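What follows is a set of notes on a single structure, which appears directly below.
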Amino acid sequence: IACLRDGDREALRIAIVALIDRGLLKAIDAQLQTRDADAVNLANRPIERAVLRHFLVSRDADSVLIAADAVNACAAYRKVLEQHQLLASPQIYAQRVAPLLVALAIVFAICGVRIAYAFAEGRRNVGFLIVLAAVIGVGLIIAYRTRLTGLGAEKLDDLKRLFARLKDRTATLSAGGKTNEAALVAAVFGLAALPAMSFPFVERLYPRKTKTDDSGSSSCGSSSSCSSGSSCGGGGGCGGGD
């Protein structure tokens, strides 16, 4: 879920929060350390095992973002999301090239014609046309580079609606890993949705995410097992137990 919403980094952060909630990972300020070597064997998902192995030695929380095993685990989730056409695959990016080039050609052609006409009329105030064409061009390129497909964006909206009631009662969520509700809320709506009183370690680990993250996420896809108490699709731990 988190992988769909905000990529690999968010997937790993949600996995970390879920593992801390389940007691398999310990947070001391901004440092993380796996509870013990046996904790790795209690994790069911590759992303969880990768996180726990990485923190067998105390490290900074964000150091896992470049750990090879963790990155590979996220790549598997991205592949599932791409197969379901929720994330743009290389093939989808290739399909976007022709419409992008056509749109850019039309924009710049119209701009060129208007500038030529203005010069022919003896006017030189064409700065606005140039800026407008540049802005539209940048907008088109940003649209081309969007990682979500239309189906993916629709899925995120559906998930926000589906879990809206759960978000409304986040104040009642308690730590301890007894249910997967905390991980689901964080995956769909971001870490900022978790109550600081029950999950104080989240703000210590990710202060910027808890202040700015207001998006929602998830598509567990065919590889998810939210109901099993383990990691949720691309988003890390949903686990309610060991």
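The values are calculated or read from the model by the stated rules, or taken from the named source; none is laboratory data. Keep in mind it's a predicted model, so treat the numbers as computed, not measured. With ideal geometry, Cβ positions are generated from the backbone for all residues, glycine too; neighbour counts draw on all protein chains shown. For accessibility, only protein heavy atoms count, side chains too; no ligands or nucleic acids. Shrake-Rupley method; radii C 1.70, N 1.55, O 1.52, S 1.80 Å.
Below, the figures for the structure above:
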item: Among the residues listed as A186, A182, the single one being modelled with pLDDT of 90 or more, open to solvent by less than 40 Å² (accessible area, probe 1.4 Å), part of a helix (DSSP H, G or I) and in contact with a Leu (Cβ under 7 Å, 6 or more places away or on another chain); result: A186
item: Meets criteria (of a type outside the set (D, E, K, R), open to solvent by less than 10 Å² (accessible area, probe 1.4 Å) and over 22 Å from the mean Cα position of the chain (by Cα)) for L24; result: yes
